[in-house]
1. Filtering segment 105-124 down to residues that are hydrophobic (A, V, I, L, M, F, W, C) and part of a strand (DSSP E or B), which residue is farthest from residue 67 (Cα to Cα)?
2. How many of the residues making up segment 61-84 are part of a loop (DSSP other than H, G, I, E, B) and at pLDDT 95 or above?
3. Out of curiosity, is residue 113 polar (S, T, N, Q) and crowded, with 16+ Cβ neighbours inside 10 Å?
4. For segment 18-27, state whether one or more residues are hydroxyl-bearing (Ser, Thr, Tyr) and more than 20 Å from residue 103 (Cβ to Cβ).
5. Go through segment 116-132 and give me each residue that's hydrophobic (A, V, I, L, M, F, W, C) and surrounded by 14 or more Cβ atoms within 10 Å (Cβ to Cβ).
6. Let me confirm something: among 132, 93, which residue is more than 29 Å from residue 7 (Cβ to Cβ) and assigned to a helix (DSSP H, G or I)?
7. So, in segment 19-49, exactly how many residues are surrounded by fewer than 20 Cβ atoms within 10 Å (Cβ to Cβ), in a loop (DSSP other than H, G, I, E, B) and free of Cβ contacts under 8 Å to residues at least 40 places away in the same chain?
8. Just to check your reading of the model, which residue among 87, 102 is more than 15 Å from the chain's Cα centre (by Cα), in a strand (DSSP E or B) and exposed (fewer than 14 other Cβ atoms within 10 Å of the Cβ)?
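The values are calculated or read from the model by the stated rules, or taken from the named source; none is laboratory data. Everything quoted here is computed from the prediction, not taken from an experiment. Reconstructed Cβ throughout: ideal geometry from the backbone, glycine too, with neighbour counts over all protein chains shown.
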Amino acid sequence: MREIRSWDGAVVLDVGCGTGFHLPAFARTAAKVVGVEPHAGLAGLARRRVADVPNVAVRVGAAQALPVPDASVDVVHARWAYFFGPGCEPGLAELGRVVRRGGAAFVIDNDATRSTFGAWFRRWLPSYDPGAVERFWSRHGFSRTPLEMRWRFDDRADLEAVLKIEFPAELAEEFLGEVEGCEVDYAVNLWWRRY
C-alpha cells in the first residue's frame, strides 16, 4: 500500500475497523486516523484499544454513509469489511465523496481463485463468481495487486476456532481434515484506486 500512496502525514480512514487492530499502526505516521465501524460494540473495543493514541478517533457508521466531511481523507483502508463488490456501489460513491484529490482507497479481500483458503471459500459459496468481482472493480477504476499470506496459529485449537468463525461447523471440520499442522496458505487481492 505504501508504494501506491503513503499515509505519512495523511488523514487515514479505516472503514469497517472492527476492534481497531490496524488503527495504532496507521497512527504511528499519519496526521490523523478515523476508524469507522457499524457495530457499536466493536467500535467500543476499538476506542479502548486507542484510548492513549491522541491522533485517532473511532466513530460508529456505515460505508454507505461515512461520518466524515467531503474531501477530508487522503487514504482509505478497508480490510475484509464485506461491503464492497457487486451490489455495493453506495459504499464506493461515499469513497468518491470523502477522498480528496491525490488520495487513494485500498480494499483487501479474499481471492477465491487461489490458495487453500480460496478453494475452501469457493466450496462454501459455490455461486461466488470471482470474474464478476474482478469486472466490478475494474468498472469502478480499481486495480488489483494479488498478494500471498498465511495463517499461522500456535496450536490446532486456534486454527479450529478461526475456521468455525469463517465457515459453517460441518465445513470447518471437513477443512480441518484437509490440512496438517497449524498453517494455511491464503491468497488475497489488494484492490486500489487513486482519486
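1. Going residue by residue through segment 105-124, those that are hydrophobic (A, V, I, L, M, F, W, C) are 105-108, 112, 117, 119-121, 124.
Pick out the ones that are also part of a strand (DSSP E or B) and you get 105-108.
On the way: 105: 16, 106: 18, 107: 19, 108: 21 Å.
For segment 105-124, the residue satisfying everything is 108.
2. Start the filter on segment 61-84 by keeping residues that are part of a loop (DSSP other than H, G, I, E, B), which leaves 61, 63-64, 66-72, 80-84.
In the following step, the residues that additionally are at pLDDT 95 or above were identified as 61, 66-72.
The total comes to 8.
3. Details: polar (S, T, N, Q): yes; crowded, with 16+ Cβ neighbours inside 10 Å: yes.
In short, yes.
4. Filtering segment 18-27 for residues hydroxyl-bearing (Ser, Thr, Tyr) gives 19.
Restricting the remaining residues to those that are more than 20 Å from residue 103 (Cβ to Cβ) gives 19.
Scanning segment 18-27 turns up at least one residue that is hydroxyl-bearing (Ser, Thr, Tyr) and more than 20 Å from residue 103 (Cβ to Cβ).
5. The answer is 117, 119, 120, 121, 124.
6. 132 is the lone residue from the list that is more than 29 Å from residue 7 (Cβ to Cβ) and assigned to a helix (DSSP H, G or I).
7. Selection size over segment 19-49: 7.
8. Details: 87 fails: in a strand (DSSP E or B).
Every option except 102 fails the conditions.
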